[in-house]
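Below: the structure, in structure tokens.
The values are calculated or read from the model by the stated rules, or taken from the named source; none is laboratory data. Everything numeric in this text was worked out from a predicted model, so none of it was measured. Reconstructed Cβ throughout: ideal geometry from the backbone, glycine too, with neighbour counts over all protein chains shown.
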Amino acid sequence: MDYRGKTAFITGGANGAGFGQARYFGGLGCRIFIADIRGDALAQALEALRGEGIEAEGAQLDLMDREAYARVADTVEETYGGPPELLFNTAGVFAHGPTEASTYEDFDWVFGVNLGGVVNGMVTMVPRMIKAGRPGHIVTTSSLGGFRGGDGAALYSAAKAAVISLMEGYRGALEKYDIGVSVLCPANINSNIALSSDTRPAHLKRSGYVVNEDSKQALKDIYQHGMDPMELAENVRKGIDANALYIIPYPEAKEGIAAHFAEIVEAFPPLESDPEGAKKRTEALIEWAGKRRDIFTAKSKDAPV
């Protein structure tokens, strides 16, 4: 892709991975529009980007507010003459604590941002990108945690797992529009995600987890050793250029993920354990798909595209 003159819309663009993407792709010639819930950080990020000679605008945005998201999308089009060619669903929050202590509010916040924010980005931006008729690419940040859950970060991992599956679905759906889809699955990033609880809405404050200065510092101690956001952004660019579905630039995690999926594969019984049943189910599915596919692909009169 020739990035010069392309518009890149980046959520969580005022810090961490999002700011790294803004700096990196702005340096390649993209026109940058960042959205972030933190107004002060947004202003500082825009000043820094412009100081590097990058064309950059931004807006304060709560990703869970769909009406506000639509207004920001309108602003992007008014500012740059159309929707973005590059959509980066990067913003995320993290909550750590015992799974059994999770409250409804913990679920609503973690899922609301990490999954709901992605949903709102896709439903808001994708129809606009399709209507514009230009080649584009979408990169959504999930996590290596999305490949396997575990106590302590169960909610986060569950939301990120849904993001991976969602992007796999969009990948096939958007190919015919010349819009690529990648899912970025990082491990540790040198970012301020340890402080994401500071952005938690007041009505979702009730939590089953310990959140204080000590717990924040404990997370910061881990994240400070993570990958530099600019290095991560360079790997994202390589993924876009290769039209890769998965972008996972963490070689140290490969063995563990391989072992996890090997355990899943081992859970399948051998084909010879039920050959007739397997044959019957497979043939029925193929027949159904051939006869019924058009029913589900016909556009509704209310569909946005």
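Which ones in segment 180-206 are surrounded by 17 or more Cβ atoms within 10 Å (Cβ to Cβ), at pLDDT 95 or above and touching an Asp or Glu at 6+ places or on another chain (Cβ under 9 Å)?
Residues satisfying the conditions are 181, 183, 204.
Could you say whether any residue in segment 99-109 is modelled with pLDDT under 95 and surrounded by fewer than 21 Cβ atoms within 10 Å (Cβ to Cβ)?
no
Identify the residue in segment 127-163 that is out of contact with any Leu (no Cβ under 7 Å at 6 or more places or on another chain), touching a residue at least 60 places away in the same chain (Cβ under 8 Å) and of a type in the set (A, V, I, L, M, F, W, C) and, among all such residues, is nearest to residue 259 (Cα to Cα).
147
Is at least one residue of segment 24-35 free of Cβ contacts under 8 Å to residues at least 12 places away in the same chain and in a loop (DSSP other than H, G, I, E, B)?
No, every residue in segment 24-35 fails to be free of Cβ contacts under 8 Å to residues at least 12 places away in the same chain and in a loop (DSSP other than H, G, I, E, B).
With the structure loaded, tell me whether residue 79 is in contact with a Phe, Trp or Tyr (Cβ under 9 Å, 6 or more places away or on another chain), surrounded by fewer than 23 Cβ atoms within 10 Å (Cβ to Cβ) and among the hydroxyl-bearing types (Ser, Thr, Tyr) or whether it fails that test.
yes
Can you tell me which residue among 68, 159 is among the small types (Gly, Ala, Ser), under 30 Å from residue 210 (Cβ atoms) and modelled with pLDDT of 95 or more?
Sole residue among the options that is among the small types (Gly, Ala, Ser), under 30 Å from residue 210 (Cβ atoms) and modelled with pLDDT of 95 or more: 159.
With the checklist (1) buried (at least 22 other Cβ atoms within 10 Å of the Cβ); (2) touching a Gly at 6+ places or on another chain (Cβ under 9 Å) in hand, flag the one item residue 152 doesn't pass.
The one condition residue 152 does not meet is (1).
For segment 48-96, which positions are part of a helix (DSSP H, G or I), acidic (Asp, Glu) and over 15 Å from residue 37 (Cα atoms)?
Of everything in segment 48-96, those that are part of a helix (DSSP H, G or I), acidic (Asp, Glu) and over 15 Å from residue 37 (Cα atoms) turn out to be 74, 77, 78.
Quick grid of which residues meet (1) without any contact (Cβ under 8 Å) to a residue 12 or more places away in the chain; (2) over 25 Å from residue 168 (Cα atoms); (3) assigned to a loop (DSSP other than H, G, I, E, B):
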| position | (1), (2), (3) |
| --- | --- |
| 207 | no, yes, yes |
| 221 | yes, yes, no |
| 234 | no, no, no |
| 240 | no, no, no |
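If I filter segment 56-71 down to residues being closer than 14 Å to residue 7 by Cα and without any contact (Cβ under 8 Å) to a residue 40 or more places away in the chain, which single residue comes out as surrounded by the fewest Cβ atoms within 10 Å (Cβ to Cβ)?
Filtering segment 56-71 for residues that are closer than 14 Å to residue 7 by Cα and without any contact (Cβ under 8 Å) to a residue 40 or more places away in the chain, the one surrounded by the fewest Cβ atoms within 10 Å (Cβ to Cβ) comes out as 57.
Mind listing whichever residues of segment 83-113 are touching a strand residue (DSSP E or B) at 6+ places or on another chain (Cβ under 7 Å) and farther than 24 Å from residue 223 by Cα?
The answer is 84, 85, 86, 87.
Can you confirm whether segment 11-21 contains a residue that is under 22 Å from the mean Cα position of the chain (by Cα), over 20 Å from residue 194 (Cα atoms) and touching a residue at least 12 places away in the same chain (Cβ under 8 Å)?
No, segment 11-21 contains no residue that is under 22 Å from the mean Cα position of the chain (by Cα), over 20 Å from residue 194 (Cα atoms) and touching a residue at least 12 places away in the same chain (Cβ under 8 Å).
Determine whether residue 16 is touching a Leu at 6+ places or on another chain (Cβ under 7 Å) and over 21 Å from residue 179 (Cβ atoms).
no
If I ask for residues that are hydroxyl-bearing (Ser, Thr, Tyr) and either over 17 Å from residue 138 (Cα atoms) or surrounded by fewer than 24 Cβ atoms within 10 Å (Cβ to Cβ) (or both), which ones from segment 8-42 would you list?
Answer for segment 8-42, where residues must be hydroxyl-bearing (Ser, Thr, Tyr) and either over 17 Å from residue 138 (Cα atoms) or surrounded by fewer than 24 Cβ atoms within 10 Å (Cβ to Cβ) (or both): just 24.
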